[in-house]
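What follows is one structure encoded as structure tokens, with my remarks underneath.
Laboratory data are not the source of any read-out in this text; all were calculated from the coordinates shown. None of the values given here were measured: they were computed from a predicted structure. For neighbour counting, all protein chains shown are included, and Cβ atoms are generated from backbone atoms with ideal geometry for every residue, glycine included.
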């Protein structure tokens with residue numbers, strides 16, 4: 001394997017491509033190659049432009065409904081006490097689609113806190129809010145295993 005690549009595998013049967021290559025840049029940072037126009041700044045511009053179709057007024061979501069939205073084309077996650085439809089965001093996620101799929105249809109709070117505790121997710125996902133979670137959190141916890149190969 002090329003020493004500049006890092007392979008990340010998640011324990012997710014939901015994602016067709018559970019492996020993705022991550023480029024190790026010259027300054028030592030890790031980066032997932034995204035399609036042109038799909039960077040984080042592109043997402044922020046799109047979110048702030050007011051061109052995204054808004055969701056209907058917020059509604060409560062329980063663990064059963066959350067678990068039904070677990071595919072690349074219909075991906076909901078629970079962050080803290082709010083359910084988000086991250087389907088439109090997936091192509092923009094800096095870690096790539098497979099990393100978001102690790103928590104598709106489940107509670108992503110623990111994974112998020114491990115990796116992105118500093119991120120202002122409420123602002124970044126403001127156009128993705130479905131509504132408050134009113135289910136049993138213990139029934140929708142993501143089981144994830146992150147394996148890094150050098």
Shape category assigned to region 72-131 from the gyration tensor of Cα positions, a/c cut at 1.5: rounded
DSSP beta bridges in region 60-150 [antiparallel fraction, %, rounded to 5]: 75 percent
Rounded, prolate or oblate (a/c below 1.5 giving rounded, otherwise prolate when a/b exceeds b/c) for region 33-146 by Cα gyration tensor: oblate
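Take each of the peptides 93-101, 132-140, 113-121, average the number of other beta-carbon atoms within 10 Å over its residues, and list them starting from the highest.
93-101, 132-140, 113-121
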